[in-house]
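S.K.: Attaching a single structure in structure tokens format; questions to follow.
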Amino acid sequence: MSYDLCHNHLAKLMSLDEKFYKIEGMDARTVSGNAKLSKTGIHLSPTLLANYGFSQGDEFKVSCMEEGKIVLEKK
């Protein structure tokens, strides 16, 4: 089930029960942001990169291990 769908169900339950529910990990997405291929190259959002442990200023290596998959590795 997607994050947005779970979040919507949780919001509806809290509204119906008039209670607050906290689910560990619900407030942090594992993947967020969009990767987009355009004429100028691949654009990765800062949020997406931060969710995988990259920080502003990090350098990384890009490789293609198999068709359809791109791997980023910190240098």
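S.K.: Only one residue in Leu13, Leu44, Leu37 is within 12 Å of the chain's Cα centre (by Cα) and at pLDDT 80 or above. Which one?
M.R.: Leu44
S.K.: For the subset of the stretch 16-34 comprising residues that are within 20 Å of the chain's Cα centre (by Cα) and either among the acidic types (Asp, Glu) or at positive phi (or both), which member is modelled with the lowest pLDDT?
M.R.: Asp27
S.K.: Now, a different point. Counting just the residues of the stretch 47-74 that are at pLDDT below 85 and touching a strand residue (DSSP E or B) at 6+ places or on another chain (Cβ under 7 Å), which one comes out least open to solvent (accessible area, probe 1.4 Å)?
M.R.: Among them, the one singled out is Leu48.
The values are calculated or read from the model by the stated rules, or taken from the named source; none is laboratory data. Here the structure is a predicted model, which is why all the values come from computation and not from measurement. Positions of Cβ are generated from backbone atoms using ideal geometry, with glycine treated the same way; all protein chains shown enter the neighbour counts. These area figures cover heavy atoms from the full protein model, side chains too; ligands, DNA and RNA do not enter into them. Shrake-Rupley method; radii C 1.70, N 1.55, O 1.52, S 1.80 Å.
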